[in-house]
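Worksheet: one structure, shown below.
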Amino acid sequence: MTDDLTLIVPTHNRSRFLRRLLHFLEERRFDADMLIVDSSDPADAAINTTLIHSYSSRLNIQYQHRDCGFAQKCGDAVASVSTPFAVFCADDDFLMPESVRSCVDYLQLNQDYSCASGIWVQVEAHRNNRCSQIRCDQIKESSATRRFQRLAGNWFSNFYSVYRIEPLRRAWQVAGGASEYEDARIFLELMLCHLGAIYGKTAVLPETHYLFELHGQNESSQLPLIANGDRANELYDRFENALARELAAIDGVPIEHAAHTVRSCYAHWRTGAAMRRDYRPTGIAKYRRKLQQSIAKIRDGISNHPTKVWTKRRLRENHRYFQTEAWRSAIDLTARFPDGMSAEQLAAESPASSLKAVA
């Protein structure tokens, strides 16, 4: 993979998952630059420091400890990257190196694309490794406004796509300055994904890119969409204004027009009602959602398109996406170590490793 890409891995008090990911990347002979950005408490940070040092001769790995929140540590990490491309991977997931290489090659050949990804697969390790393809779509529209509307119409995350560093850096500058992750994680997530589409087209390649493990320690399980309901309206306004400024600047449209575009897609978030963890639609909203879900399933079933998925799609064990060595290794580690790996388990997997058993 040479020196054209940096893999950024944020982590926080999850050394078991980080240990499992590094073991996987070593197995796959991952040769790009890696940056571990850690906000762990002192005890876990010490474990991570020892762990990363043990891999320093086998992976191109750097370590940063940041005593700050998620958005700031990720924004700082992106700002420090010097390679032309970058990609994130959560410490509890798996990124397929072959897909990363394909995405870099695609972006080098298609300068009007800001990011590229492959297929994302959600794995439920505690339900016999049930696999589902997560929603995705190609966004090829020529204007930023059309790309924004396309993504809002079938929203999916492009957070773990391979990015050109310039739009990624700009996205984190804008989103980090206009959101408060600990108070309302939904706005940072939505903003980053939409900015990726605003700054350029987005590609989805027909190969397995990312294994997302569903478990009780996922960030989405720990932190509600809105943790501070008193600030919901204020944070929505910052969200709308930031996206409107970027749309207006790129498409050359009046700021009021751009704000209307954002509002027409997301004004329902402003009241904060939809952001409560226990929110359930009632009445007309409930049946509208059921109808939309049914239509999405019908469209998805008719098209069966590999890179245009409108609803989560179940995949069988023998699916062609699951035939690579990297996938087999990732799914095996997920099945055997669904809660990450202890130092003793890693030593048993890699007896030749110089890693000391750290509790």
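In nm, to one decimal, how far is the modelled label at Glu141 from the one at Arg336, with both set 7 Å along Cα→Cβ?
4.7
When you count, for each residue, the other Cβ atoms within 10 Å and take the mean per peptide, how do 187-200, 107-120, 327-340 rank with the highest first? Each step should come with its number before you reach the end.
Values: 187-200: 23.8, 107-120: 20.4, 327-340: 17.6.
The most tightly packed comes first, giving 187-200, 107-120, 327-340.
Highest first, please rank the peptides 201-212, 314-325 by the mean number of other Cβ atoms sitting within 10 Å of their residues.
Values: 201-212: 21.5, 314-325: 12.4.
The densest-packed peptide leads the list: 201-212, 314-325.
So between His260 and Asp76, what do we pick up on full extension, going 0.36 nm a residue minus the alpha carbon distance?
Additional length available on full extension: 63.1 nm.
Check which residues have an amide H placed less than 5 Å from Ala184's amide H, if you skip close sequence neighbours.
Sorted by chain and number, the residues that satisfy this are Ala227.
Would you mind checking which residues have amide H under 5 Å from Tyr113's amide H? H placed 1.01 Å from N; only 5 or more apart, or other chain.
Excluding prolines and chain starts, which carry no amide H, the hits are Lys201.
What does the charge add up to near Leu333, with Lys and Arg as +1, Asp and Glu as -1, over the other residues with Cβ less than 14 Å from its Cβ?
On the way: positive: Arg16, Arg19, Arg20, Arg28, Arg328, Arg336; negative: Glu26, Glu27, Asp91, Asp92, Asp93, Glu213, Glu325, Asp332, Asp339, Glu349.
My count for the surroundings of Leu333 gives -4.
Taking θ = phi - 60°, what integer Hz values does the Karplus form 6.51 cos²θ - 1.76 cosθ + 1.60 yield along segment 201-207, in sequence order, with x for Gly and Pro?
5, 10, 10, 10, 9, x, 8
Taking amide H positions as placed in the peptide plane 1.01 Å from N, state which residues far from Leu35 in sequence (5 or more) or on other chains have amide H under 5 Å from it.
The list, which skips near neighbours in sequence, is Leu7, Ile8, Val9, Gln62.
No value in this document is a laboratory result; all are computed from the given coordinates. Since the model is a prediction, treat every value here as computed from it, not as a measurement. Neighbour counts run over all protein chains shown; Cβ positions are idealised from the backbone, glycine included.
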